[in-house]
Every structure is written in C-alpha cells, then in structure tokens.
Amino acid sequence: MALATRVLPSAPELVGRWGAALEEAELRPRVLEVRDRFPEERSVSLPFAAIENVDAGLADLLLEKPEETIAAGRRAMREMLPVPMEGEEFPLRLRITGLPSNARRTVREIRESDLGKFLSLDAIVRKTTEVRPQIRDAVFLCLACKGECHEVQEEASPVFHEPVECTHCGKPAGRTRFRLLAERSTYIDAQRIEIQENPETLKGGSHPQGLTVLLTEDLAGRVIPGNRLVVNGVLKGLQRASASRTGLLRSTTFDLLLLGNSVEYQHEEYDEIPISEEDERLILSFQNDPQILDRIVLSLAPTIKGLEEEKEVIALQLFGGTEKHHADGIRVRGDIHVLIVGDPGTGKSQLLRYVADVAPRGIYTSGKGATAAGLTAAAVKDDFGGGRWVLEAGMLVLADGGIAVVDELDKMTPEDRSAMHEALEQQTVSVAKAGITATLNARCPVLAAANPKWGRFTPDRTISEQIDLPPTLLSRFDVIYSIMDKPDQKRDRLLASRILLSHQEGEMRGLALPPPGGPVTAGAAFPPEFLRKYIAYARRNIRPVLTDAALRVIEDFYVLIRKQGEEPNAPVPITARQLEALVRLAEASARARLSREAGVEDAQRATRIVEGFLRRVSTSEGKLDIDIVATGVSHSQRERIDALTGVMRQLQEQNGSFSIDEVVALMERHNVQRPRTEALFQSLRSQGELLESRPGVWQLVRF
C-alpha cells in the first residue's frame with residue numbers, strides 16, 4: 001500500500017504496537033532510568049532501525065504521520081512506568097534517530113509533498129538564537145466570571161493564541177476580556193537555529209540554501225554556529241503575513257520550519273562522505289604502494305603543469321598531522337597551514353580552486369571579497385532572532401574539520417587579515433560583540449595565496465622583502481613557498497605544449513571526439529571523487545605515531561640547523577615552531593601512505609620540505625635567518641639599523657641634527673653602501689622614528 005493512502009490505526013492499537021516495539025528494543029530499563037534522573041535527563045532515544053525490525057508498518061506510519069505516531073509512542077512509554085509521574089502531562093520525550101535514506105533530504109530538495117513528514121537533514125549550523133522560554137499552556141483569567149481558561153499554544157507557530165470564549169461562563173472574547181496569568185502558565189526552553197547545506201555538497205558554485213529549525217526542551221542550547229549535525233524532525237509550513245492599513249494581509253506562500261525531534265552530532269571527521277566496502281577495499285589496496293604520494297601529487301590539478309613541490313606540500317596538508325591533547329588541557333593542532341606567494345600567471349588561483357573542490361569540506365574565498373566578520377564570525381541583528389542579536393558563523397568556522405582556501409591574501413585590509421591570527425594558531429574564533437561572548441571552533445588548515453609586494457618578484461631584492469604580509473601572520477604558516485616566473489626556453493616550450501594540448505583536449509571533449517595522442521590528464525592517478533574518499537578514509541581511520549628512528553632524524557636535523565646560530569653574531573636559523581611543523585609533515589606523510597607509523601622515510605620528506613622552504617624565503621646573505629619570517633627584520637638588517645641609529649645619535653649629540661649625506665658618509669665606514677643606507681633611512685622615516693626639523697635636516701624622535 002502506498003504511504004499516501006495509509007490509514008492511521010486507532011489510538012489503542014497504535015499504543016499497543018508501540019509497546020511491543022519498545023519491549024522488543026529492551027527500552028524499559030532506559031525509560032525507568034530517565035524517569036529516575038528527571039529533570040537532568042528528559043528524553044529517550046530510539047534508533048529507527050529498531051522500530052523497522054519489529055513493525056515495518058509502524059515505521060512507515062512514523063515517517064508519514066509523525067506527530068500522531070510519536071504521541072502514541074510517548075503514551076506507550078508512560079504505560080511502562082509502574083508509578084505515574086507527577087503532573088498532568090507525561091514529561092519524557094521520545095527521540096527517533098538514524099532515519100532511513102528515503103527520509104534524507106538536502107535543504108534544496110524539500111518540496112510541498114514533504115510537509116508534515118518526518119525528515120532528516122544533514123547540514124551545518126549558521127546562526128543560533130539565545131535559549132528563551134516559550135509558553136506551551138497559557139492560563140487566562142476571565143474578568144467576567146473570574147474563571148481560569150487554558151489555551152494550548154501551537155509549538156511551531158510564532159502567533160500567540162488567546163481564548164475565543166470562556167469555558168466557564170461561555171462569554172465570547174467580544175463580551176469579556178482575558179488576562180494572562182504568567183505565573184500559572186507552563187513553559188519550555190526553545191531555541192531557533194538556522195542550518196544551511198554543507199559546502200561540499202554544492203555544485204557549480206551554488207549559493208547554499210538555509211532552513212530554520214526549532215529546538216525545544218533538552219535539545220535547546222546544545223549547538224553553536226559551525227556545528228555539523230543531522231537534524232531529524234517534522235516539516236511545518238508557516239503562512240507569511242504582512243501588516244497593512246486594512247489589517248493583516250496573509251500570503252499564499254508559506255515559510256518552512258523544521259520542528260526538531262532529535263539531533264545527531266557528527267563527532268567524527270568527514271563522517272558525511274559515504275565510503276562503501278568496495279571503496280574501502282580499493283583504498284586499502286594502495287596501502288603498501290611506495291609511489292602512492294607521487295600518484296596523489298599527480299592527481300592534484302593535473303592540467304596545471306609544474307608546481308610539483310607545492311603540490312606535494314598541499315597533498316600533505318590535505319591529510320594533516322595528528323591532533324594532540326595533553327594532560328594539562330593544552331591542545332596542539334595537527335593541521336598544516338601553507339602559504340604560496342608567486343608571480344602572476346603561475347596557476348596559483350587555479351590550483352587553490354581545484355583543492356577547494358576536491359578536498360572534503362573545502363571552502364574557497366578571495367581576499368577582495370572577505371572581511372574580518374566574514375572570515376570569523378559576526379553578530380547580526382535580524383528578524384530571525386526576533387530583533388535580537390544573533391551569532392553568524394564565518395568562513396573559518398564553517399570550514400571546521402575541513403580546509404579553508406583563501407586566495408589573494410595580500411588584497412585584504414590589515415584589519416581584516418589580523419582576524420586570522422587566532423584561527424591559525426589556536427584554531428578558535430573568539431567573539432565579543434553586542435553582548436555576545438563565545439568561542440567557536442575553527443579546526444581547519446588554511447591554504448592561502450598572495451602576490452609579491454610589487455606585483456612580481458625582482459632579482460635585486462630578497463624574496464622575504466617582497467612578501468607584503470605582516471610577520472605576525474607569516475610566522476603562523478608552517479610552510480611558505482615562493483613561485484618565480486623566470487623565462488627558460490626549454491621549460492617554456494614544454495609548458496606551452498602541455499597547456500596547448502590541454503586546450504585541444506577540452507575542445508575535442510566539447511565535440512565528443514577522442515583527443516589526439518590520448519588525454520593530457522592520463523597521468524593523473526586518481527579521479528577527484530576517489531581522491532576525496534581516500535583523504536576522508538585516511539583522516540578518519542589513520543592516526544600515525546612517530547617511530548624512534550623518525551624522531552632521531554627530526555631531532556638531528558633540528559639540532560644541526562640550530563647549530564648554525566651558535567657562531568658569533570649569527571642569526572637564529574630555526575625555532576621550535578618549525579620543529580612542530582616537521583612533526584606534522586611527517587605524520588601527514590605516514591597518513592597519506594595509510595601507515596600507522598611515521599618512519600624514517602616520512603621524517604626525511606618533512607626535513608626536505610622545511611629546509612627547502614627556509615632556503616627560499618628565510619635566507620639572508622647566504623645564512624638561514626628565521627627572524628625574517630618571525631619578525632620581518634633579518635639579523636643583518638637589525639645590526640645595520642642599530643649601527644644607523646648609533647651614527648644618527650652620535651651626529652645629533654655633536655650638532656643637534658644631521659643630514660642624510662653625513663649619515664651615508666659615516667655608514668660607509670661600517671661597510672654599508674649608500675643605497676642600503678638610504679633604504680634603511682626611509683624605513684625609519686616611515687615608522688615615525690625621524691623628524692625633519694627643516695628641509696634636509698633630520699633629528700631622531702626618541703633621542
């Protein structure tokens with residue numbers, strides 16, 4: 001029989017069928033336990049499969065007519081108690097979890113046929129209101145006869161209903177007045193949340209659609225923006241209305257509201273990505289493949305040729321290291337943050353867009369369209385919260401457990417960029433706005449790209465001087481890569497042929513013709529969908545541990561590099577931050593191999609990557625200097641600035657002021673030539689350290 005024509009059995013029959021199902025599920029001890037713990041516990045959870053296995057017809061009724069069916073289930077729970085609970089209404093709730101696939105929907109798939117049905121929505125929380133009491137049974141005093149009238153309020157409706165007539169004297173509302181007895185009425189906790197589709201389910205850049213959910217009693221107050229959850233509940237329609245001079249105009253269009261029955265929290269990363277047994281067998285077949293990481297690198301944006309080193313780091317970033325929780329409560333992140341600074345036209349944006357599409361829970365944004373509130377969280381005032389301030393999650397919060405991809409990081413304003421500091425290191429977002437104080441999770445790696453300060457790298461300056469990002473932000477990235485576009489005839493011919501072949505392949509595919517010479521992407525080891533499942537499986541099931549041999553490799557590398565800083569006047573080459581990056585990279589390498597042990601091979605790969613990154617962006621006069629990234633000023637530059645200020649102070653003591661020519665003449669004695677001195681002079685001037693008392697004459701502000 002079709003569900004649409006199913007007839008609801010009588011109430012006694014329905015209660016009896018529920019009683020049999022609850023007994024078969026051995027739920028009586030749980031009901032008694034919740035009764036004894038009331039009001040600390042208020043609900044009993046029951047998997048849908050437990051009902052379906054006992055009474056398939058009852059399970060179908062639950063999906064088709066959920067309100068009447070669940071009410072009968074609560075009556076069956078009440079009959080299980082040897083002694084009835086105090087109060088007129090049975091206070092325990094029946095929560096149904098694990099709804100079948102035919103009840104699963106995305107927000108954009110909801111249609112009118114779903115109204116009144118029991119649905120399950122997999123989504124992410126975008127907004128939450130405060131938990132507030134909602135009146136359930138309103139008690140009114142009739143001013144004519146002084147009798148009390150009860151008016152049960154509709155749970156999903158925002159409209160407050162008053163009695164039509166007095167139940168004692170029978171006078172209608174037009175002949176008497178009713179006064180609400182607030183202290184005699186009963187209330188429940190209520191919270192409205194707004195959910196939206198998971199970013200990874202969107203196709204073609206579609207805007208995520210949202211839906212309001214009403215959570216009551218013990219469900220209220222347990223979710224925060226950014227939570228990923230499965231909400232099970234009854235879909236309701238609320239008629240739209242607007243005020244006019246003639247009264248209230250009711251629309252023919254209805255808004256949707258899900259009356260929440262149960263909430264299933266996704267505690268496991270990437271839990272929403274389905275991996276079948278066949279997928280798992282195929283994934284595990286690569287467990288002992290020594291070339292697996294090379295194949296994964298080939299699978300990342302295969303049409304973008306080159307950038308193998310950058311793709312290798314991004315591949316490790318997708319797998320990530322192991323998150324640690326210490327006994328003192330300190331959490332050490334396992335996510336790897338990567339920054340790519342490169343010349344225009346090197347394929348950075350295409351690579352980032354591909355990573356955001358293939359990575360589980362990947363969210364992409366561009367620096368030009370991002371603000372501090374959009375990245376972290378915002379306190380907004382809108383009708384959703386009844387005119388109150390509500391908290392709205394930003395990109396880094398929505399990417400919790402996934403990956404956040406930020407292109408054109410250098411185009412963001414410094415104020416907006418500073419909002420990322422906490423999210424990068426602590427992986428939290430703290431909000432103190434409009435009376436709302438909250439800390440939201442932002443446990444995601446960040447992949448960012450930027451252009452050099454002057455648009456393109458120039459050979460006459462060091463790479464570190466041309467990265468136009470503050471040191472406080474740079475130091476939080478585990479790996480920083482620079483991409484320079486240098487003309488090279490052999491390399492350019494190879495790159496041009498590959499790009500042109502990829503264009504030809506696209507043209508042939510559009511005409512449904514086979515590409516000449518085989519597809520350009522034939523070298524890609526894995527298709528994007530399988531790569532996504534492979535990453536999700538590895539992050540969900542593999543937690544690698546460093547072997548003693550791997551620890552020695554990392555320790556020896558760290559001590560060897562640090563030893564370079566023991567020479568007199570030598571810069572500090574590496575810090576403990578890079579040591580932690582080495583551990584994360586080694587763990588990610590093992591996870592990519594589906595290995596539960598990070599061995600020497602993984603440690604050597606991590607040391608090669610970190611040393612290569614330091615040689616690129618953290619080298620001054622042939623020596624490693626981590627201060628370039630950590631403070632923005634190299635050791636040698638700091639020495640020159642100290643010498644420069646010393647010369648200026650000496651001249652100011654003698655003459656009261658100084659000219660730039662006098663400073664240059666004395667600095668040449670310290671083997672600092674005029675161009676370098678003038679650059680340092682302008683740097684101090686821009687920082688407000690110098691004052692021009694009259695044209696061409698300068699003084700130190702802090703003498």
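Quick rundown of the values:
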quantity	calculated
Helices (runs of 4 or more DSSP H) completely within the stretch 29-132 that count 2 or more residues being on the phi < 0 side of the Ramachandran plot and among the acidic types (Asp, Glu)	56-64, 66-80
Among (1) without any contact (Cβ under 8 Å) to a residue 60 or more places away in the chain; (2) in a loop (DSSP other than H, G, I, E, B), the one test that THR346 misses	(1)
Residues (in contact with a strand residue (DSSP E or B) (Cβ under 9 Å, 6 or more places away or on another chain) and either among the basic types (Lys, Arg) or within 20 Å of ILE70 (Cβ to Cβ) (or both)) located in the stretch 91-109	LEU92, ARG93, LEU94, ARG95, ILE96, THR97, GLY98, LEU99, PRO100, ALA103, ARG104, ARG105
Close pairs from the stretch 573-593: first closer than 18 Å to TYR534 by Cα, partner aromatic (Phe, Trp, Tyr) and surrounded by fewer than 24 Cβ atoms within 10 Å (Cβ to Cβ), Cβ under 6 Å, at least 6 apart	none
Yes/no for LEU391 being surrounded by 17 or more Cβ atoms within 10 Å (Cβ to Cβ), modelled with pLDDT under 80 and either among the charged types (D, E, K, R) or under 30 Å from LEU211 (Cα atoms) (or both)	yes
Matching residues, the stretch 663-703, being in contact with a Leu (Cβ under 8 Å, 6 or more places away or on another chain), polar (S, T, N, Q) and part of a helix (DSSP H, G or I)	THR677
Residue count, the stretch 647-698 (criterion: on the phi > 0 side of the Ramachandran plot and either at pLDDT below 80 or hydroxyl-bearing (Ser, Thr, Tyr) (or both))	3
Number of the exception - ASP335 against (1) closer than 30 Å to LEU121 by Cβ; (2) outside any loop (DSSP other than H, G, I, E, B)	(2)
Every residue from the stretch 670-694 that is loosely packed, with under 13 Cβ neighbours inside 10 Å and within 12 Å of ARG640 (Cα to Cα)	ASN671, GLN673
Strands (runs of 3 or more DSSP E) wholly inside the stretch 401-452 that include at least 1 residues being surrounded by fewer than 18 Cβ atoms within 10 Å (Cβ to Cβ), of a type in the set (S, T, N, Q) and modelled with pLDDT under 80	436-441
Residue within the stretch 156-168 that is assigned to a loop (DSSP other than H, G, I, E, B), at negative phi and touching a Pro at 6+ places or on another chain (Cβ under 7 Å) present	yes
Pairs with Cβ under 6 Å, 6+ apart, first in the stretch 438-458 and assigned by TED's automatic domain parsing to the domain that holds ILE480 and within 12 Å of LEU409 (Cβ to Cβ), second crowded, with 16+ Cβ neighbours inside 10 Å and among the basic types (Lys, Arg)	ALA449/LYS348
Cross-chain or 6+ apart pairs with Cβ under 9 Å, the stretch 40-54 first and in contact (Cβ under 8 Å) with a residue 60 or more places away in the chain and assigned by TED's automatic domain parsing to the domain that holds GLU64, then surrounded by fewer than 18 Cβ atoms within 10 Å (Cβ to Cβ) and basic (Lys, Arg)	SER45/ARG30
Among residues of the stretch 1-25, those that are modelled with pLDDT of 70 or more and surrounded by 13 or more Cβ atoms within 10 Å (Cβ to Cβ), counted	14
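The values are calculated or read from the model by the stated rules, or taken from the named source; none is laboratory data. For clarity, every value in this text was computed on a predicted model and none was experimentally measured. Because the Cβ atoms are built from the backbone with ideal geometry, glycine has one as well, and the counts that use them run over all protein chains shown.
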